[in-house]
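J.: Take a look at this one; I'll ask things after.
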Amino acid sequence: MLGYTLTPQQKDWIQGQEFAPFECFNCVQDINGVWFNFITEQQIPEVQASEYSWVLTLPQAEYIPPPPPPFPI
């Protein structure tokens with residue numbers, strides 16, 4: 001899955017911020033500790049029209065999720 005990569009500072013700037021009514025950024029870390037944000041095709045026009053349009057210029061990379069925690073015994 002492709003996502004926009006963020007620095008920790010960029011993540012802090014956008015985490016939880018609304019870019020449209022009832023739409024907000026939710027950043028996640030991958031297996032390597034890199035921060036990612038995912039934007040759907042339907043959300044792109046809303047992000048472009050917001051103060052956060054710079055997010056769409058960030059590099060994209062393949063997201064590899066961290067492994068789940070061990071199952072309790």
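Every read-out reported here was derived from the displayed coordinates using simple, explicitly stated rules and does not represent laboratory data. Note that this is a predicted model, so its numbers are computed, not measured. Cβ sites come from the backbone with ideal geometry, for glycine too, and all protein chains shown count toward neighbours.
J.: Please state which one of Phe38, Phe19 is under 11 Å from the mean Cα position of the chain (by Cα) and surrounded by 14 or more Cβ atoms within 10 Å (Cβ to Cβ).
T.: Residue meeting the stated conditions: Phe38.
J.: Right, another one. If I filter the range 23-35 down to residues being among the aliphatic types (A, V, I, L, M) and surrounded by 14 or more Cβ atoms within 10 Å (Cβ to Cβ), which single residue comes out as nearest to the chain's Cα centre (by Cα)?
T.: Val28
J.: Filter the range 44-73 for residues that are among the small types (Gly, Ala, Ser) and part of a loop (DSSP other than H, G, I, E, B); which is surrounded by the fewest Cβ atoms within 10 Å (Cβ to Cβ)?
T.: Residue satisfying both the conditions and the ranking: Ala49.
J.: Run Pro65 past the list (1) out of contact with any Phe, Trp or Tyr (no Cβ under 7 Å at 6 or more places or on another chain); (2) touching a residue at least 60 places away in the same chain (Cβ under 8 Å); (3) of a type outside the set (Gly, Ala, Ser) and report the number of the one that doesn't hold.
T.: (2)
J.: Can you spot a residue in the range 1-19 that is touching a residue at least 60 places away in the same chain (Cβ under 8 Å) and in a loop (DSSP other than H, G, I, E, B)?
T.: Yes, because at least one residue in the range 1-19 is touching a residue at least 60 places away in the same chain (Cβ under 8 Å) and in a loop (DSSP other than H, G, I, E, B).
J.: Separate question: Which condition number does Pro70 fail, the rest of (1) in contact (Cβ under 8 Å) with a residue 24 or more places away in the chain; (2) over 12 Å from the mean Cα position of the chain (by Cα) being met?
T.: (1)
J.: For the range 1-38, which positions are of a type in the set (A, V, I, L, M) and in contact with a helix residue (DSSP H, G or I) (Cβ under 6 Å, 6 or more places away or on another chain)?
T.: If the condition is that a residue be of a type in the set (A, V, I, L, M) and in contact with a helix residue (DSSP H, G or I) (Cβ under 6 Å, 6 or more places away or on another chain), then Ala20 is the only one that fits.
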